[in-house]
1. Kindly indicate which of P19, P108 is modelled with pLDDT of 95 or more and either farther than 28 Å from A201 by Cβ or crowded, with 16+ Cβ neighbours inside 10 Å (or both).
2. From the list R98, R87, which residue is in contact with a Pro (Cβ under 9 Å, 6 or more places away or on another chain), crowded, with 19+ Cβ neighbours inside 10 Å and among the charged types (D, E, K, R)?
3. Identify all residues within region 185-226 that are among the hydrophobic types (A, V, I, L, M, F, W, C), within 15 Å of the chain's Cα centre (by Cα) and in a helix (DSSP H, G or I); write none if there are none.
4. If the Cβ limit is 7 Å and pairs must be 6+ apart or interchain, which residue in region 22-40 that is touching a residue at least 24 places away in the same chain (Cβ under 8 Å) and among the acidic types (D, E) pairs with which residue that is assigned to a helix (DSSP H, G or I) and surrounded by fewer than 23 Cβ atoms within 10 Å (Cβ to Cβ)?
5. From (1) in contact with a strand residue (DSSP E or B) (Cβ under 7 Å, 6 or more places away or on another chain); (2) assigned to a helix (DSSP H, G or I); (3) closer than 22 Å to V273 by Cα, pick out the condition that doesn't hold for C46.
6. Just to be sure, is A182 modelled with pLDDT of 95 or more, of a type in the set (A, V, I, L, M), assigned to a helix (DSSP H, G or I) and surrounded by fewer than 19 Cβ atoms within 10 Å (Cβ to Cβ)?
7. Could you identify the single residue in A89, A104 that is among the small types (G, A, S), touching a strand residue (DSSP E or B) at 6+ places or on another chain (Cβ under 6 Å) and within 16 Å of E208 (Cα to Cα)?
8. Condition first: closer than 21 Å to S120 by Cβ, modelled with pLDDT of 95 or more, of a type in the set (D, E, K, R) and in a helix (DSSP H, G or I). Can you find one or more residues in region 67-79 that meet it?
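The values are calculated or read from the model by the stated rules, or taken from the named source; none is laboratory data. Not measured: the values here are computed from a predicted model. Neighbour counts run over all protein chains shown; Cβ positions are idealised from the backbone, glycine included.
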Amino acid sequence: MNARFQLHYRTCGGNEHPPVFFLHGFMLNHRGWEAILSSLQDGFYCVAVDLPGHGASVLTDREGAPKDFGGCADAVLGAADALGIDRFAVVGYSMGGRLALHLALSAPERITAAVLESASPGIKDESDRHARWVQDQRTARELESLAGDAAGLRNFLMHWYAQPIFQGLADKPALLEAAIAAQTAQDPIESAAALRLLSVAKQPSHWEAIGALACPALCIVGDQDRKYRMIAEEMSDLSPRIALGQFAACSHNVHLENPAGYTTALNLFLDSVCKHA
């Protein structure tokens, strides 16, 4: 019999504080938030999850595993239920940011606030969506071919971080190496399954729903990440609930590149919307 799927998470801070869930990016896990959690845990009840197919949330050969993007959001809500948390703020980076936005729009009664770091509401055009799915399928097959091949996986990640959205890391070799080291710890088979499940090509496009966002939100972007900076600006134009936070000398992964500034912005935003609403 296959083992049952369980969403793994780590908690810190007292549960008397406002709860905040942290959702990581592709091929990462909850440990990527450690620098942020250590600064927030005195004032917030922090829950950092391993999303399906990442870290200890093993996806393949598990009964009850999510079948689609919405099922991943349901898994996060299930983790909140298991902790006895009814309403919570959510912080998401990249892939996790897409999931955070989905939660804010699909379960507004559960989400008090959303922080969307380098995140997108999805793909508007169906032909673009199909092209992205073809690309992600190709990437998933490449990852599957790298099972047990540490050198090959490292080479894959070097190409991954050569994308323009990560250009700021080129000038920060220590951070680039830390990012690669974190992702080489992931199982390529699980990563491939997660990509097929959480691909932007498989998430609903939320562009038309942005204006109906019920909770306050903060879009965080690096000024060197032109693609997501433009997306965040468009999102903030579509909703009066969305504030824009731009970080100088940062690219896609702002919380890695500027953890002190990121934590300050996060603390100010969450304190204002979660403690004094």
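1. P19
2. After applying the criteria, what remains is R98.
3. A194, L195, L197, L198
4. Hits for this filter: zero, empty list.
5. The single condition C46 does not satisfy is (2).
6. For A182, the condition - modelled with pLDDT of 95 or more, of a type in the set (A, V, I, L, M), assigned to a helix (DSSP H, G or I) and surrounded by fewer than 19 Cβ atoms within 10 Å (Cβ to Cβ) - is not met.
7. A104
8. yes
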